[in-house]
Each structure stands twice: as C-alpha cells, then as structure tokens.
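Remarks on the structure that follows.
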Amino acid sequence: MPVPIPRQRAVPAVESDGRGGSSQPAEHSTPQQPADLTLLVVENDPADAVAVPDLLDRDTANGGRVRVRTARNLTEAARLLTDDVHCILLDLALPGCGQCPECAEPGHALGALHDVLRMAPHHAVLALTPSDRPEHAADAVRAGAQDYLFRDELDGRLLSRAIRYAVERKRADTASYKLAESRLHAQENARLERGLLPTPLLEGSDLKFAARYRPGRSRALLGGDFYDTVRTPDGTVHAMIGDVCGHGPDEAALGVELRIAWRALTFAGLCGDELLSTLQRVLEHERESEEIFATLCTVDIAPDGRRAGLCLAGHPAPLIARQGQLAQLMPFDGGGPALGLLPHARWPRSQVQLGGAWSLLMYTDGLIEGKVAGPDGSGRPGRLGQDGMVAMINRQLADGLRGDELLEAAMTRVRELNGGELTDDVALLLLDRDRGETGGRVQRPPL
C-alpha cells in the first residue's frame, strides 16, 4: 500500500494521496510554499507500510516541511529520483537487483541498499529495518547509509530529525571528500611541478639563479613557456628560455619535450646553430600541426663569467644590467626565425661582453604584452613593450631589488599595469654575477 501524502499539500500525480491514487489540487486550494526537503520512501510491504507523511505532520518541533514521494520497487524509485530529492528512506527488506555480488550472497540483506547507493551517490540515505535486526542497521551504515531507523520504534519527531541529520551529514561528507580530493590534487600537482619544471644544474658556478613561472591557463600547472639552466663540465653556464605558440596542454607538453631535449643536447656538446637545428627537428616531429612553432633564446656564458654567446630564434633579446649602469637590451647582430617556421633556417651566434658584475634577465613575451595606459595620458590601453619593461626593471633595480625580489616585483607590477591577471604565459629567468668591478648605484630613471 503506498505511503499517504499529507492531505493539506497539493502534489503531482507521482506522489501518493493516501488513498492509493494520485492527488489533484482542488480548485479552491491555496497554493502552498515549496517544501524545504523532499523524501523518497522506498518500501514494498503493504501490510507493514509506514505512514511517513502522517508521522511528519505530527512533528511540529523541528520546523520546515518535508514533501514525501513513495516507490514500491527500485525501478519506480529510479523514475522518481529527481534532483530535488534530498533523502531516501529505504526498507532493507526490499529485494536487490539479484545481479550484483552483494545480492548473490546467501542471506545478505543489503542488496537493495547497494543498488540505491549506486543509483543515488549524491543523496542522503536512511535505512529502515525491524528492531530485532540491529546487525542489518549497523551494516547499512558501514556500507554507506547516513543513518538507520527501527521500523517499530519510529515516531514523527525521530523521523524528522533523522531526515535532517542524514541530509546534513551527507553534505558534510561530500564537502569533506571534496576537500580531501582537492588536497590530493594539490599534492599531485606539486609532485608534477617538481618533475616538469627544471631544477638548475649550476654546481660549481658562482652565478646566482632565480626564476618565476606563471601559466596563462586557469588552474593550469604548465603553459607553453619553458626554461632551463645547466653548467657543463668545462665550466660554461648555458641558459635557455622559450615559448611554444598557444596555451593548451599540447603546447605545454611540447615545451617540456623541447626543454629536456635542449638539456640533453647541451650536455652532449652542441651549441648555437647546431643545437637549434636539432631542436627544430624535434619540434617538427612532435608538434600536432605544421602551424605550431616555438621561439627560443639561448645564452652560453664563458667559465670566467665575462663574455657570452647569444642565439635568438624569433625571441626577444634578454636584458643586461652591468654594475653601475642602467639595464638595457642585450646587443646582438641578428637572429634567426622561430623554430618550425623555415625548414633550412640558420641561427647566428653573437658574442657579447658582460663585464665583471652583471645581472642577465631572460623572459618570454607574456611579460611585455600586458596592457598599460596610453603614453599620451588618454587612458587608451597600449602594450608595455620592451621599452616599458626596461624602464620598469631599472626603477626596481634602483630601489635595490635583486634576485627573487626583483622577479616577484616585476610580475606583480605587470599584473597591476594590466589591470588583472595576464592572459599569456610568463617565464622569467635571472642570472647574477656579483664579483668583478665595483661601481656606483644604478641611477633611477624618470617615472
């Protein structure tokens, strides 16, 4: 016999009216406010059915309304299980599907419960069982039900409180699960970051290293930018920074491949045009389409730290700040195209004098392509550009910022000028050499 619905509520046809049929609202009925909670009762014993709506109507202490739907089997329950159902009251005596391992076990009483938990993983579940079967009640909670009720001890106040407790416990369990999942995801990301972002190999060098990386994709770990720094057995320090066009996971994966290939080729003794030609072949074989290309800047610093070789493949020139002088773009005679654009391109290597004490900043174009207010004071947005970046870095150097503090200040400032987070990936790599000539403080450029 279906469980009756409180007579004062208008309900849809799928809900019981207490007389075994569907209920339709009378013409003179006053529309009622939506129920606070919806309970789906699943039981199939007409002789021992619980008058759930009547019990809930007699409970006035717990406040709020509970709309009740009834089902006599799991098939009907699946049809009535919509998103607005908050809790399921399940009779454990209901037979299960007979197909899963739980139902196949002799004497097992939780077949229907396992079916319901699979069918409604996001709903609170209350198990209903006779008081002479306490072991079934405990097993139900262990299996995943939020609580249990004994059929012959049921009253309105107990039922109402159990429903609200089960709903809140399910919400708490869900929140706890999501928090644990988020923490696990963060730990996995940290391990992934340690594996994919490079660890500089500078043992034996007197150079100081700092780097910053920020992908443009929301919640992403890596973007298409990549960098690396190593010291080869002859004492030369090699540094590289690059940018694969695009911001998706495929571009990020290609950037990691190019970085690892660069490190391996560098330790194998390749440099300059020979190294970049080999990297271009790697890119051509690994890219998803022929439209994908990558820009690259490589620097190899002599063991004495006073001179360097520079190669540019469609990438902006690095910044050099010598002792007592304003920072400026590193001079170069000319570069080649980005990797992947021309099949037989060449990349000349320029020699640059560094001096005794200097700072070398390598960056990707995400740093210089952020928006700034127009130089004419009109407020029309423009681009920071290389000139704006040089002026910004000089002001920060004049304020005494060095190393990690300088990179952090630069990243913060370009976001402020942009009026929010940048949409492009940004990578910064800074190498400092303190020994050598001494000089005066860097002159502060005009604001």
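The values are calculated or read from the model by the stated rules, or taken from the named source; none is laboratory data. As the structure is a prediction and not an experimental result, all values here were calculated from the model. Virtual Cβ from ideal backbone geometry, glycine too; neighbours counted across all protein chains shown.
Just a few scattered comments:
- Of the residues making up region 153-160, none is of a type outside the set (Asp, Glu), assigned to a helix (DSSP H, G or I) and under 38 Å from the mean Cα position of the chain (by Cα).
- Considering LEU117, LEU110, LEU89, the condition of being of a type in the set (A, V, I, L, M), within 19 Å of ALA138 (Cα to Cα) and modelled with pLDDT under 90 is satisfied by LEU110 alone.
- When residues of region 336-346 are limited to those that are on the phi < 0 side of the Ramachandran plot and within 38 Å of the chain's Cα centre (by Cα), the one modelled with the lowest pLDDT: PRO343
- If you go through region 295-334 and pick out every residue that is among the hydrophobic types (A, V, I, L, M, F, W, C), assigned to a loop (DSSP other than H, G, I, E, B) and within 24 Å of LEU276 (Cβ to Cβ), you end up with 4.
This table checks each residue for (1) modelled with pLDDT under 95; (2) on the phi > 0 side of the Ramachandran plot; (3) of a type in the set (Phe, Trp, Tyr).
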position: LEU197; (1), (2), (3): yes, no, no
position: GLY216; (1), (2), (3): yes, no, no
position: ARG219; (1), (2), (3): yes, yes, no
position: LEU222; (1), (2), (3): yes, no, no
position: GLY235; (1), (2), (3): no, yes, no
position: ILE241; (1), (2), (3): no, no, no
position: CYS245; (1), (2), (3): yes, no, no
position: ALA253; (1), (2), (3): yes, no, no
position: ARG281; (1), (2), (3): no, no, no
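- Scope region 246-283; condition farther than 28 Å from ARG306 by Cα, in contact (Cβ under 8 Å) with a residue 60 or more places away in the chain and in a loop (DSSP other than H, G, I, E, B); matching residues: HIS247
- Which listed residue, of ALA124, ALA166, ALA112, ALA140, is assigned by TED's automatic domain parsing to the domain that holds PRO53 and in contact with a Pro (Cβ under 9 Å, 6 or more places away or on another chain): ALA112
- Here GLN353 meets the list (1) surrounded by 17 or more Cβ atoms within 10 Å (Cβ to Cβ); (2) of a type outside the set (D, E, K, R); (3) touching a residue at least 24 places away in the same chain (Cβ under 8 Å) almost entirely, failing just condition (1).
- Filtered by the rule that a residue be out of contact with any Asp or Glu (no Cβ under 8 Å at 6 or more places or on another chain) and β-branched (Val, Ile, Thr), region 266-294 gives THR266, THR278.
- Residue that is in the same structural domain as ARG402 (by TED's automatic domain parsing), crowded, with 16+ Cβ neighbours inside 10 Å and of a type in the set (D, E, K, R), where the choices are ARG346, ARG287, ARG281, ARG307: ARG287
- When GLN328 is tested against (1) surrounded by 19 or more Cβ atoms within 10 Å (Cβ to Cβ); (2) modelled with pLDDT of 95 or more; (3) of a type outside the set (Phe, Trp, Tyr), just one condition goes unmet, and that condition is (1).
- When each of LEU406, LEU397, LEU422 is tested for being touching a helix residue (DSSP H, G or I) at 6+ places or on another chain (Cβ under 9 Å), within 27 Å of ALA253 (Cβ to Cβ), in contact (Cβ under 8 Å) with a residue 24 or more places away in the chain and assigned by TED's automatic domain parsing to the domain that holds LEU222, the lone residue that passes is LEU422.
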